[in-house]
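To start, the structure itself, in structure tokens.
None of the figures in this text is laboratory data; all of them are computed from the coordinates on show. All values reported here derive from a predicted model rather than from experimental measurement. All Cβ positions, even for glycine, are placed from backbone atoms using ideal geometry, and neighbour counts span all protein chains on display.
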Amino acid sequence: MHPIARNILAVILGWIGGSIVNMALIQLGSSVLPIEGVDPNDMDALAEVLPSLGAKYFIFPFLAHALGTLAGAILAGLIAASHKMTFALSVGGIFLLGGITVNYLLPGPIWFTVADIGVAYLPMAWIGGKIAMYFISKSK
């Protein structure tokens with residue numbers, strides 16, 4: 001496969017793979033810690049109730065964002081033909097844009113927004129890139 005096509009595929013598959021992990025954790029969180037009287041698919045209802053929720057309700061969203069980004073970055077780093085860290089960080093950038101959008105549409109507490117934007121995306125993408133490069137170096 002041509003290296004450019006492989007690098008593009010790495011980002012696309014990293015985004016898809018990370019999104020699957022993200023959504024699985026969001027769904028798990030909705031079943032483990034349901035918000036009484038709120039449909040988790042109703043964005044307006046969520047936006048209304050989020051500022052009043054306790055910290056425990058933000059554990060799964062944070063884990064979903066962080067681990068989804070981590071998984072996507074690892075996948076992108078493993079698939080990319082070259083510049084593996086760059087493509088892992090690209091996936092982190094895509095998830096960061098999504099995270100900024102979600103934090104704007106569903107405003108939660110400031111502490112969560114700061115932790116989410118500051119830790120869940122680019123740092124996790126960097127760690128994912130390092131993990132991918134480690135596994136690649138061990139397989140040689």
Notebook entry, point to check: Rounded to the nearest 500, what is the chain's calculated 222 nm mean residue ellipticity when only DSSP H runs of at least 4 contribute -39500 (n - 2.57) each, over all residues?
Noted result: -26000 deg cm²/dmol
Margin query: Using +1 at the C-beta of Lys and Arg and -1 at the C-beta of Asp and Glu, which of ALA73, ASN41, TYR121 has the Cα lying farthest in the positive direction of the dipole of region 3-138?
Written below: ALA73
Notebook entry, point to check: LYS140: which lysines have alpha carbons under 28 Å from its alpha carbon, excluding same-chain residues fewer than 8 sequence positions away?
Noted result: LYS84, LYS130
Item checked: Size of electric dipole in region 3-138: Cβ of Lys, Arg +1 and of Asp, Glu -1, about Cα centre, debye, nearest 20 -> 860
Next item on the list: Run the quick spin-label model on THR86 and SER137: label points 7 Å from Cα toward the beta carbon, then report their separation in nm to one decimal.
Entry: 2.0
Margin query: Viscosity 1.306 mPa s, temperature 10 °C: give me the Stokes-Einstein translational D for region 24-123 in µm²/s, with Rh taken as the Kirkwood radius over C-alpha pairs.
Written below: 111
Check: Got a sec? Charge dipole of region 3-138, +1 on Cβ for Lys and Arg, -1 for Asp and Glu; which of ASN103, SER52, TYR134 is way out at the positive end?
Finding: TYR134
Margin query: Let me check against my output: what whole-number percent is the relative contact order of the chain, with C-alpha pairs under 8 Å and at least 6 apart?
Written below: 33
Notebook entry, point to check: For GLN27 and TYR104, FRET efficiency with R0 = 22 Å and r from the beta-carbon atoms, rounded to 0.05?
Noted result: 0.50
